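The values are calculated or read from the model by the stated rules, or taken from the named source; none is laboratory data. Since this is a predicted model, take the numbers as computed values, not measurements. Areas reflect the complete protein model, heavy atoms only, side chains present, ligands, DNA and RNA absent. Shrake-Rupley method; radii C 1.70, N 1.55, O 1.52, S 1.80 Å.
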Amino acid sequence: MDLEVWTPTDPPQSSPYPLAAQRANHTRSVVQVGHVAFGGPAPVVIAGPCSVESQAQLMHTAEAVAAAGAHMLRGGAFKPRTSPYAFRGLGAVGLRLLAQAGAHTGLPIVTEVLAPGDVALVAEHADMLQIGARNMHNVALLEAAGRSGKPVLLKRGLAATIEEWLLAAEYVLATGNEQVVLCERGIRTFETATRNTLDLNAVALIKHCSHLPVIVDPSHGTGAWHLVAPLALAGLAAGADGLMIEVHHDPAHAASDGPQSLTHANFARLMQQINQRAVAAPAPARLAQGVGQ
Ligand code: PEP
Ligand code: MN
């Protein structure tokens, strides 16, 4: 009797997420956002403030991250806050400021969309739609974002398994939109010393079981600015296709997520480290192994 032999590098024969799953020929998707390519040879760095607070604040940080070598600009206009009394963003005004800052610096924009009804508005101003951790399970939003035809950055839910995350990606892919980038942003564990636990297992595992690009967000993953650089570099060492980094000109007075935001100077230092690393240690290659190894 012939036994089918499964090796760790074989793609799944039948997958719960057939569109997101590793392909038989192991080719990987490249997701293009303007001139930026996720899943290409070089990691993509997205940087910017947690929230868009004002034109001056956004322009100042956009210019600083562009000068330091960031490839895309982030900034929240619609903010999903834990408390309804916290700053919830500038909304449509914030979107216009993002579009201006993007045009000024030449950086494509990614920003979060919170509700299916806002997808058309956000898609008018942004180059890529972010679906946040709190909305990863929002099927209506996943489908609306997919149907917009814009590239989608899909963050992992706070308590989502890797399979649930890939099934959420499957909802976007099933609309016919193939432009999906995954973002590991930390999960909730028993550990309370850090805001979240950045799951780098997930990064290496996604590269094994999916063809989609995956990036790492060490800002939300740790909640502490002084942990951002080491975890950013660790994410790249684990094979991430890019990073999302929160940056603020004055973190002590940020409207949101100041404690995890890098100053302009610290972001420039991180970019130097990333570029040095690219010369010293390329991202891990996929290894072929025999059965049982
Ligand atoms: C953000 O990127 O600012 C954000 C709210 O992220 P998350 O959805 O990962 O909490
Ligand atoms: Mn934030």
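Is the stretch 27-150 best put as rounded, prolate or oblate by its Cα gyration tensor, with a ≥ b ≥ c the root eigenvalues, rounded for a/c under 1.5, and otherwise prolate when a/b is larger than b/c, oblate when not?
Because a/c hits 1.5 or more and a/b fails to exceed b/c, the stretch 27-150 counts as oblate.
Keeping all protein chains in place and using 1.4 angstrom, which order do Leu198, Leu270 fall into by accessible surface area, from largest down?
Leu198, Leu270
Just from its helices, what would the mean residue ellipticity at 222 nm be for the chain, if runs of 4 or more DSSP H residues each count -39500 (n - 2.57) and the sum is divided by every residue, rounded to the nearest 500 deg cm²/dmol?
-10500 deg cm²/dmol
For the chain, give the percent of accessible area contributed by carbon and sulfur heavy atoms, probe 1.4 Å, rounded to a whole number.
Whole-percent figure for carbon plus sulfur exposure: 56.
For the full complex of protein chains and a 1.4 angstrom probe, list Trp225, Trp165 by accessible area with the highest value first.
Trp225, Trp165
Using the Karplus curve 6.51 cos²θ - 1.76 cosθ + 1.60 with θ = phi - 60°, what ³J(HN,Hα) values do you get for each residue of the stretch 124-131, in whole Hz, with x for Gly and Pro?
3J(HN,Hα) across the stretch 124-131, in whole Hz: 5, 9, 9, 8, 8, 9, 9, 9.
Which percentage, to the nearest 5, of the DSSP beta bridges contained in the stretch 32-288 is antiparallel?
Roughly 10 percent of the DSSP beta bridges within the stretch 32-288 come out antiparallel.
Provide the solvent-accessible area of Glu63, counting protein heavy atoms only and rolling a 1.4 Å probe, rounded to the nearest 10 Å².
90 Å²
Using only Cα atoms, locate the centre of the stretch 29-72 and the centre of the stretch 158-210, then give the distance between them in Å, rounded to an integer.
21 Å
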